[in-house]
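Asks: So that we are looking at the same thing, I have put the structure below in structure tokens.
The values are calculated or read from the model by the stated rules, or taken from the named source; none is laboratory data. Keep in mind it's a predicted model, so treat the numbers as computed, not measured. Glycine gets a Cβ as well: all are built from the backbone with ideal geometry, and neighbour counts include every protein chain shown. These area figures cover heavy atoms from the full protein model, side chains too; ligands, DNA and RNA do not enter into them. Shrake-Rupley method; radii C 1.70, N 1.55, O 1.52, S 1.80 Å.
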Amino acid sequence: MEDDAGEQSSFVTGLIQNRAKEVGVAAFDLRSAALHLSQYIETSSSYQNTKTLLHFYDPTVIIVSPNKLAPDGMVGVSELIDRFYPSVRKVVMARGCFDDTKGAVMIKNLAAKEPSALSLDTYYKQYYLCLAAAAAIIKWIEAEKGVIVTNHSLSVTFNGSFDHMNIDATSVRNLEIIEPLHSALWGTSNKKRSLFHMLKTTKTIGGTRLLRANLLQPLKDIETINTRLDCLDELMTNEQLFFGLSQFLRKFPKETDRVLCHFCFKPKKVTSKVLDVDNAKKSQTLISSIILLKTALDALPLLAKVLKDAQSFLLANIYRSVCENEKYASIRKRIGEVIDEDVLHARVPFVARTQQCFAIKGGIDGLLDIARRSFCDTSEGRETWKQHTLLNFGTRFPLVDAIREDVSVLTLLAEVLCLLDMIVNSFAHTISTKPVDRYTRPHFTAHFSTIRVVDRIFTRMGTVDNLESNSSTFMTEMKETAFVMQNVSERSLIVMDELGRATSSSDGFAIAWSCCEHLLSLKA
């Protein structure tokens, strides 16, 4: 459904708030058919929590309601978007589109997991704002893209961003997590890199995005962290496993996750009046997606062979959930009844177009066979292929619907490929390129000092005016410091430098002293 936009964001985000300073956020990833829902109390009049989430999702479209009701001292989410995200497309939808009851029904029908597993029945009233935002987003996507979301195809998470460490946008910049500071001033020969650029050896776009997400919102769950570390330990001690997985992942093009999730969306019913070249192109893309799906399923026996004796929980779980899942073999059998066995995904555009024409077995469709003969004879026949045969395939063909019956396993496969890409091609690769004694497994605990998990990272560094908000250096310092003081907890990590430098020595010293006393009392 989504055009190939490289590594650009594919999120559509919906925002709504009430007078009690609660904000509901729904973020729909068009690339991976995932819906993330969050609802929280905005503790800052400058919407720092909301800005952090928007920085994380980096949406291409933000949907808001026309209602400008906002708590005292707050500007409202609509004005927030106008002021801080002028380059992002803002869509204003009627307040009636933000219907939490419809949102709950939609989630029950569309989520790949059971509603009870999502705790939807238990927390329905608690999540009413983000459910309302979800209703508006899905309504907009179906109208804008001309598709219908397939039932039980979405990966839905509630309150997902707060299961991870929260790093605000200012700290992300100061800590050079995604981009180096002042990168434009260093020139193209500069070797200064961010943490993201250092680890960005992933091969797929989905793996790269997952890496970025894990750096912006690191895991807090110690059990999950240790599960990943166990996997890395096994990869570092088992060369055959490491190189086997690397070989498996090389079989997939960079856009695999997006293509696998094509089947989560189906076009709305059309009449002969609206069948045009654009629909033919969509059908052509659909054939290409089926060919790539066949290529992915053909590679699963190699994955099974590589993971068969894996010991770590993460890899063993992938073996059980993917390699031993009979639904993949069922889908592969259905594809084999229609698509020629010799067809594989081709990276060269000319070869790919030719394969699309001859991918379907002879005798499946009479019109297709006739157009294929014309395709070989004349250039006019090629146009006939595009205008009629592909359209015929896209609108009438029993195979795509059959695949959609098990669409949730395709979403699972896309998630597994992205996760393996990040762990094998980024984390394990980075470790393997360093001397053996340069890698030490960290230990995460709760009550003594090794490396403990923190819930948030705050930074206050440097001295700079903020002309956009008409704030002096001192005012900027005080705003950032006030945000830290209002949101810090005993589980937070605070990095502060040059606090109070923008005022007199005595005043600056007094401010810094009092802030330190407060932070020490919290044991942060």
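Asks: Among the residues of region 52-63, are any in contact with a strand residue (DSSP E or B) (Cβ under 8 Å, 6 or more places away or on another chain) and over 27 Å from PHE483 (Cα atoms)?
Replies: Taking every residue of region 52-63 in turn, at least one turns out to be in contact with a strand residue (DSSP E or B) (Cβ under 8 Å, 6 or more places away or on another chain) and over 27 Å from PHE483 (Cα atoms).
Asks: May I pose another question? Of all residues in region 455-482, which are surrounded by fewer than 18 Cβ atoms within 10 Å (Cβ to Cβ), part of a strand (DSSP E or B) and at pLDDT 70 or above?
Replies: Scanning region 455-482 gives a single hit, SER471.
Asks: Could you list, in sequence order, the residues of region 98-134 that are assigned to a loop (DSSP other than H, G, I, E, B), at pLDDT 90 or above and closer than 19 Å to THR411 by Cα?
Replies: none
Asks: Tell me which residues, restricted to region 483-513, are assigned to a loop (DSSP other than H, G, I, E, B) and either surrounded by 13 or more Cβ atoms within 10 Å (Cβ to Cβ) or out of contact with any helix residue (DSSP H, G or I) (no Cβ under 6 Å at 6 or more places or on another chain) (or both).
Replies: Those that are assigned to a loop (DSSP other than H, G, I, E, B) and either surrounded by 13 or more Cβ atoms within 10 Å (Cβ to Cβ) or out of contact with any helix residue (DSSP H, G or I) (no Cβ under 6 Å at 6 or more places or on another chain) (or both): VAL488, SER489, ARG491, SER492, ASP497, GLU498, LEU499, GLY500, ARG501, ALA502, THR503, SER504.
Asks: Report every pair of residues separated by at least 6 positions or lying on different chains whose Cβ atoms are under 8 Å apart, first residue within region 283-302 and at negative phi and touching a residue at least 60 places away in the same chain (Cβ under 8 Å), second crowded, with 18+ Cβ neighbours inside 10 Å and among the aromatic types (Phe, Trp, Tyr).
Replies: SER283/PHE393; LEU286/PHE393; ILE287/PHE393; LEU293/PHE263; ALA296/PHE252
Asks: Test PRO66 against the stated conditions and say whether it is surrounded by fewer than 16 Cβ atoms within 10 Å (Cβ to Cβ), of a type outside the set (A, V, I, L, M, F, W, C) and touching a strand residue (DSSP E or B) at 6+ places or on another chain (Cβ under 7 Å).
Replies: yes
Asks: If we only count helices (runs of 4 or more DSSP H) wholly inside region 371-425, which ones have 3 or more residues that are open to solvent by 10 Å² or more (accessible area, probe 1.4 Å) and at pLDDT 85 or above?
Replies: Filter on region 371-425 gives 407-420.
Asks: Test THR170 against the stated conditions and say whether it is modelled with pLDDT of 80 or more, in a loop (DSSP other than H, G, I, E, B) and open to solvent by less than 60 Å² (accessible area, probe 1.4 Å).
Replies: It is false that THR170 is modelled with pLDDT of 80 or more, in a loop (DSSP other than H, G, I, E, B) and open to solvent by less than 60 Å² (accessible area, probe 1.4 Å).
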